[in-house]
Amino acid sequence: MMGGSMTRSGLVSNWVLLFGTVGACMAAGAEEVPELSEYAWGFPIEVDRDASFYSIELPLEVNQSVSDPDLRDAGVYNAVGVPVTRVFQQISDDVEEAEHLEQLPTLPLYANAQPSADDVRLLFERDGDRTRVEFDSDGMIQTNEDEQLTAYIVDTRQLENSIEALEFSWNPLDSGFIGRITIDGSDNLQDWSNVGSGAVADLRENEASIIQRRVKLRKTSHDYLRIRWEGMPEEWRLSRVQGSYVTGVTRIVRKSIMLEASGEDPEDGGRIFDLGGAPVVDQVRVVLTEANTIISATIYYWSTRNERWIRTASGSHYYIGRNDNVVMSDAIRTDKIRTRRIKVVVTSGKPSVAMQLEVGWRPDSLIFLAQGDAPFTLAAGRAADSEDSYPQQRIYGDRSIVSLAATGGRSATAKLGPRYPLGGADSLRITRLTNWRQVSLWIGLLLGVAFVGFMAIKVIRDLKAE
């Protein structure tokens, strides 16, 4: 019986030893990061000085080179092929900007009248029995309908900031119009130079309307602005002029790309535009290529996580031109979302209208710790990383390097060289049977279980024989 006890004790020891060894092997395999050559693409990292941390603004091509939208199947390797700590994050704006609209003192200028700088301190007074026009403190403009209006003079001396645009309000008209405004600047009301021009419009039909009130300027600090126009109805009159300026300094890091439709959704006929990768998108503009076209459309983003289309914006889009004057719909700001595909569904107007889509996206940045020697390489794209629980992210995605690089580390910027193939496009497809690491571990585990079972049966038989 002593031998039986020893046999049982040996059996338990072997069992524990076997499963401990297999578990250790599995843990080691799970923590093993693939070699550089197992990824689809490589980007050489070019540095011009030594540093502890490097940061890179990534081009869209990197987003187009991975299988995971969040870049978890991408990593940095040093000169001897050892992976290093790295973090991907969206580039943030430095400072938020705030736009201000301020009403400006404005007076109409009639034929044969030329104001002087002294005249417009508070009012413009003309000789004889001519009309006397005062600046209103509320910014509203009073005019004499019996005289020929030729221009407006705007006094900007009250502003401390340079004006970047003028925004106009006008009295309602029975008929629509599209015209062009020219804006000149002066400091003495005699010498004028052009500071901007653009189309304005007021077009209404049924429930559709196109109102364009703003004309952008080359940033100006002139004391006076002169507003002239062409193509307006004779009865057109301004009621208010506002100056637009921005406070704060901001650097919005946004790139844009113009896309052609790559397909159509058979369920709703929506045009699908494919970025080829999934950056963070926050702005879109429907660009109509047929003149005098108005449509209403709804824009959807494809959510990879939810595997469905998410509605993000809807509204009117237009391209209207008369003579040399053209007005086009502006870009639409949307919520930020990582997406590869965008769908535009025309809800009213010509369904087959020709269009392009201008997409504004926020670049990602890469920060990595300079462990080991240069040159460093960014490896991107390995579908099998998802089955391995994204080892690059899990083992080398320590976000503490972001604050260390910002506060205590010697940092430098770097840039990516041209993309070149490593494992090629095959690495972006999961081939389950070729994951030999997991296969060998499971084979080892099964053999171990079988061996333990065999030993248990043998021990039981030996005990019965005794």
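Data table
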| quantity | calculated |
| --- | --- |
| Qualifying positions in region 301-333 - buried (at least 18 other Cβ atoms within 10 Å of the Cβ) and farther than 30 Å from E230 by Cα | Y301, W302, W309, T312 |
| Residue list for region 248-259, restricted to those being under 18 Å from the mean Cα position of the chain (by Cα) and either surrounded by 14 or more Cβ atoms within 10 Å (Cβ to Cβ) or part of a loop (DSSP other than H, G, I, E, B) (or both) | T250, R251, I252, V253, R254, I257, L259 |
| Residue satisfying all of: in region 357-408; touching a Lys or Arg at 6+ places or on another chain (Cβ under 9 Å) and closer than 30 Å to V344 by Cα; surrounded by the fewest Cβ atoms within 10 Å (Cβ to Cβ) among these | E358 |
| Hits in region 278-300 - residues which are crowded, with 19+ Cβ neighbours inside 10 Å and not in a strand (DSSP E or B) | A278, P279 |
| Positions within region 311-349 being of a type in the set (D, E, K, R), farther than 20 Å from A291 by Cβ and more than 13 Å from the chain's Cα centre (by Cα), in sequence order | R311, R341, K343 |
| Strands (runs of 3 or more DSSP E) lying entirely in region 46-101 (those with 3 or more residues that are of a type in the set (D, E), crowded, with 16+ Cβ neighbours inside 10 Å and within 19 Å of the chain's Cα centre (by Cα)) | none |
| Within region 416-453, tally of residues that are hydrophobic (A, V, I, L, M, F, W, C) and either within 33 Å of the chain's Cα centre (by Cα) or at pLDDT below 75 (or both) | 10 |
| Sole residue being modelled with pLDDT of 90 or more and surrounded by fewer than 19 Cβ atoms within 10 Å (Cβ to Cβ), chosen from S175, S186, S209 | S186 |
| Selection count, region 395-419, where residues are free of Cβ contacts under 8 Å to residues at least 60 places away in the same chain and either in contact with a strand residue (DSSP E or B) (Cβ under 6 Å, 6 or more places away or on another chain) or under 18 Å from S65 (Cβ atoms) (or both) | 0 |
| Subset of region 102-128 that is hydrophobic (A, V, I, L, M, F, W, C) and assigned to a loop (DSSP other than H, G, I, E, B) - its residue that is modelled with the lowest pLDDT | L122 |
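The values are calculated or read from the model by the stated rules, or taken from the named source; none is laboratory data. A quick note: this is a predicted structure, and the numbers were derived from the prediction, not measured. Neighbour counts run over all protein chains shown; Cβ positions are idealised from the backbone, glycine included.
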